[in-house]
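In what follows, a structure is listed as structure tokens, so that the remarks can point back to it.
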Amino acid sequence: MYYAEDGITDEDIHPLGTGVLWKTSESPVANEFSPKNGLRHRGSESQWGATDIQPMQQSRSFQPWSDTDLQDEDEDKPVKEFCFSMQRKREIRIKQEKQGAKKNTWETWSRDYKRSFRQFQSKASESLQFLVLWRRTINTIGGNFGTGIASYFTFLRFLILMNFVTFLLIGGFIVIPNIVVQELNVVQTSQSSNTTGLCLKYSPNPQGLERYYTFIMDILMGTGFMELTYMFYGFYKNTLVILAAFYYNLPLAYLTTTLFYFLLSLVWIVVRSVKGFKQSLLTENTELSNYTSKIFVGWDFCIKDPRIIKLKQKSIRYELQMDLEEENMRRKHAERTTSQLAAIYSLRVFLNLVVICLTGAAFYCIYLSTVNSQELLINSSVKGNFILELLVGYLPSITITAANFFLPIVFGIIILWEKYTLNWEIRLTLVRCVFLRLTSLGMLLYSLWDKITCSGKPHDAKCVTCGYNIDEYKCWETRVGQEMYKLLIFDFLTVLVVILLVDFPRKMMVDHCSCKPIQFWGQQEFLVPQNVLDIVYGQTVCWIGTFFCPLLPLLNTVKYFIIFYMKRLTLFTNCRPADRTFRASSANFFFMLVLLLGLAISWVPVLYSIFAMTPSRACGPFNGQTNIWDTIPITIQTLPKTAAEFFLFIGSQAFAVPLFFLCCILMFYLIALASSYGELVKTLKDQLQMERSRKMFLRQVTY
């Protein structure tokens, strides 16, 4: 029997609080209990004898709702959103009905409208779920192979959508206007300079008879007739269209569209990263994400399809497997002695030196291959030989792909000796491979820059005439676009060759050959870090090359679309579930972080080309200008005086410096706010832990 006492003193209050008081029971039944039936069986003497703990009435019994219990903002809140018992929810519903009867017609209509709008919004969001691309396929993958592998396909779907949106922007503001202007013979005003002579000589069309393989060579290399298509930078003209009240500046559209899709990609990735970071905070913390939460609240009771039920069971099983593996690794790390830690750290330092040496050797090979490829392509002994010319043209791409294929395998072997946890193994391997792949692109671009700018010496004999190496690079922007185009094509062909000539034969050998070495080799696993790095690398190539090859996002969209189905096929046909899975939430956030790094690296060559390098004088929409950015000031000068002064002020230091300081102040404020929130969260966690300990102690005392 639970009851409350009047006149409670401080001595009656239970030391643990929570509304529980001490009271000696007068019940004869309670006094019949001996100490050994109380707490003695838990290993300690009973200190209370026949003492009974009886909570106060007001802490246990249900109190009816008062007029002040239901807040104004909760009056129209659906009852199902309250975290209360069914009895209390009934009380809330009655209270809402009573308050609704007192409202006038306008308030009643407003309440019904809000309720109807919420229902419509909920149904609309449920309906839109069926329009999500590959939703069922990704759910099937998650059920069979875990949410970690499903996160790879979700990531690939995101890149397909982003590339397609980028293509729509470029097609709508650059490609289609140029097609319309040329096909309709609209009057154009050329803005090219009067430069004559060697700087204006640019004729990619071959002279004389063409060999039978020239067409195939042009498609694979991006040369010949491909240079005179909308695929490459050199085909676009520096023209201004003025037709009655219609005004369209093609160079300005080219530049602003480039900057806008970079900004759009940044915002899109950051927004998606923030969502992944929130999920990572909840799932990575063992205090918030434990086994009981997955077992008791991880099931979706709306599932009725037996096939979906099995997939959900497999998905939860993989999540639990991941948690158990991480907990086991943490336990092993905690048990290490000082000598073991010293040995491990020494080994890690040595292995990191090995990784640095291997990466440096790969960079040197990329530099040599790029320089030699540019020199051999103009050699008469190479030109005209289809196979040799193709190999020489793709020599940088082959070198980069070989380094990106073999070195990650070596990194994967090295990381096993460093004894990290599974999540740290994945992250460190990704960091090393990202550094290798992205900096290999940087080395390729540096090699091209070294040749184009005469090693940064504008007074060199080759560069003094036009501001760049006109002898080897008549239209250097198109040449850079061709290198990115070849990298994208070769990367796609490499993926297809590996799937068709490596993955499928391996599966057949394992299934039909009983040799012990082959059986020990076994079916392959779907390595998520490696596959994620492949598509991040491809996306970085696309970002770099889009300015020089505007239709590259379209090719990348088609490429990733085909890769999605090829990877899905090889996953279900050739791969087995991974022996070591990893959590999808942290993977999603880290994938976005790596992609953000690739975007930042892609900005460097593009922005350097816009602000610092002299554009080609014989081709492109910016020929005749000192640099590409001059298009913006020239356009601003044509605006009305007030608008021109406004834009010039925005671009001046008088606006940029205060804006920078304001952003710094805002950043420090947000950092301080995040720190305070972190302390608050830590305090709440401690309180939850203390409340849990109290409940466990009270349960022991009661029984």
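If Lys and Arg each add +1 and Asp and Glu each add -1, what is the summed charge of the other residues whose beta carbon sits under 13 Å from the beta carbon of residue 135?
+1
As an exercise, identify the GluC sites (Glu not before Pro) in segment 324-399 lying in DSSP coil whose Cβ has no more than 15 other Cβ atoms within 10 Å.
335
What does the net charge come to around residue 454 if you take all other residues with beta carbon closer than 11 Å to its beta carbon, with K and R at +1 and D and E at -1?
Surrounding charge for residue 454 is -1.
Show me, for segment 645-662, the HN-Hα J-couplings you get by feeding each phi into the Karplus relation (A = 6.51, B = -1.76, C = 1.60, θ = phi - 60°), rounded to Hz, glycine and proline as x.
Working through the residues one at a time gives 5, 5, 5, 5, 5, 4, x, 8, 5, 4, 9, 5, 5, x, 5, 4, 5, 5 Hz.
Which net charge results for the neighbourhood of residue 200, defined as the other residues with beta-carbon distances under 11 angstrom from its beta-carbon, given Lys and Arg at +1 and Asp and Glu at -1?
Result for the local shell: +3.
Relative contact order of segment 418-559, please, whole-number percent, based on alpha carbon pairs below 8 angstrom and at least 6 residues apart.
The value is 28 percent.
For the pairs 237/451; 332/682; 275/567; 312/559, flag any whose C-alpha to C-alpha distance is greater than 28 Å.
312/559
Calculate the spin-label point distance for residue 106 paired with residue 692, positioning each point 7 Å from the Cα along the beta-carbon direction, and give it in nanometres.
5.1 nm
Mind checking the full-extension length gain between residue 569 and residue 368? Use 0.36 nm per residue of separation minus the Cα-Cα distance, one decimal, nm.
Full extension of this stretch gives 68.6 nm more.
If you scale each eigenvalue of the Cα gyration tensor by 5 and take the root, what three semi-axes come out for segment 652-703, rounded to whole angstrom and sorted largest first?
Taking √(5λ) for each eigenvalue gives 50, 4, 4 Å, largest first.
With a 10 Å Cβ neighbour count serving as the proxy for reagent exposure, in which order, fewest first, do 642, 401 appear?
Exposure proxy ranking, most exposed first: 642, 401.
How far is the Cα center of segment 643-676 from the Cα center of segment 307-363, in Å?
42 Å
Computed FRET efficiency, Cβ-Cβ of residue 164 and residue 243, R0 41 Å: what is it to the nearest 0.05?
Taking R0 as 41 Å, the efficiency between residue 164 and residue 243 is 0.85.
Return the loop-located chymotrypsin sites (Phe, Trp or Tyr not before Pro) in segment 307-380 (DSSP other than H, G, I, E, B) with at most 12 other Cβ atoms within 10 Å of their own Cβ; answer none if there are none.
none
Taking the mean number of other Cβ atoms within 10 Å as a proxy for protection, how do you rank 630-640, 214-224 from highest to lowest?
214-224, 630-640
Each value in this text was obtained by applying a stated rule to the coordinates, not by laboratory testing. Everything numeric in this text was worked out from a predicted model, so none of it was measured. Note that each Cβ is placed from the backbone with ideal geometry, even for glycine, and that neighbours are counted across all protein chains shown.
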